[in-house]
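The next block holds one structure in the form of structure tokens; read it before the comments.
The values are calculated or read from the model by the stated rules, or taken from the named source; none is laboratory data. Being a predicted model, the structure only gives us computed values, none of them experimental. Please note: Cβ atoms are built from the backbone with ideal geometry, for glycine as well, and neighbour counts cover all protein chains shown. Calculation scope for accessible area: heavy atoms of the full protein, side chains included, ligands and nucleic acids excluded. Shrake-Rupley method; radii C 1.70, N 1.55, O 1.52, S 1.80 Å.
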Amino acid sequence: MQDFKNLRVWQKAHQLGINAYALPEYLQEPRGWAMRDQILKAVISISSNIAEGAGRGSDPDFCRFLWYSMGSCNEFESDLLLGRKVDLIPVPLFTQLGNELSGVRKDLTRLIQVVDPKNETRPR
């Protein structure tokens, strides 16, 4: 078990979540309500799964939660893309969050490779 707050990937994912809380300002009209809830759940899940996995008792369990976090990255990106395409999310915020997400995804990939060098826990 390790302190998740010391993991750089958790720190980046946590900051991404904080920064994503700028999104509801742009999702005030009724057509943005469902997206507001969904996009925040997705971004919150990224850091939450890293934290939960770090508290598990084994590397395979930790790695499984890192993969869940990667899935949440994909969900968040999909929601960001949709929000941009329907003109709910402004380009500067879309770009900022997309760049931060890319950094989180790279760090997650590296950590997964360290925790599971043989790629035995990758979902199939």
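Observations
- Between segment 1-59 and segment 66-101, the alpha-carbon center distance in angstrom: 12
- Global form of segment 76-124, assessed from the alpha-carbon gyration tensor, a/c cut-off 1.5: oblate
- Gyration tensor (alpha-carbon) shape descriptor, segment 30-124, a/c threshold 1.5: prolate
- Among residues other than F76 with Cβ under 14 Å from its Cβ, the summed charge is 0 (Lys and Arg +1, Asp and Glu -1).
- Value of [θ]222 nm, deg cm²/dmol, for the chain, DSSP H segments ≥ 4, -39500 (n - 2.57) each, nearest 500: -24500 deg cm²/dmol
- Axis angle, to the nearest 10 degrees, between helix 91-115 and the longest C-alpha principal axis of the chain: 10 degrees.
- Apolar share of the accessible surface for the chain: 53 percent from carbon plus sulfur atoms, 1.4 Å probe.
- Rounded accessible area of K12 (nearest 10 Å², 1.4 Å probe): 80
- Compared with the dominant Cα axis of the chain, that is its longest principal axis, helix 33-54 is turned about 20°.
- A full extension of the chain between Q96 and E25 corresponds to an added length of 24.0 nm, given 0.36 nm per residue minus the alpha carbon distance.
- Label reach from K85 (point 7 Å along Cα→C-beta): in segment 12-51, amide nitrogens under 19 Å belong to 27, 31-40, 42-43.
- Accessible surface, per residue, of the chain when the full set of protein chains is kept, probe 1.4 Å, Å²: 57
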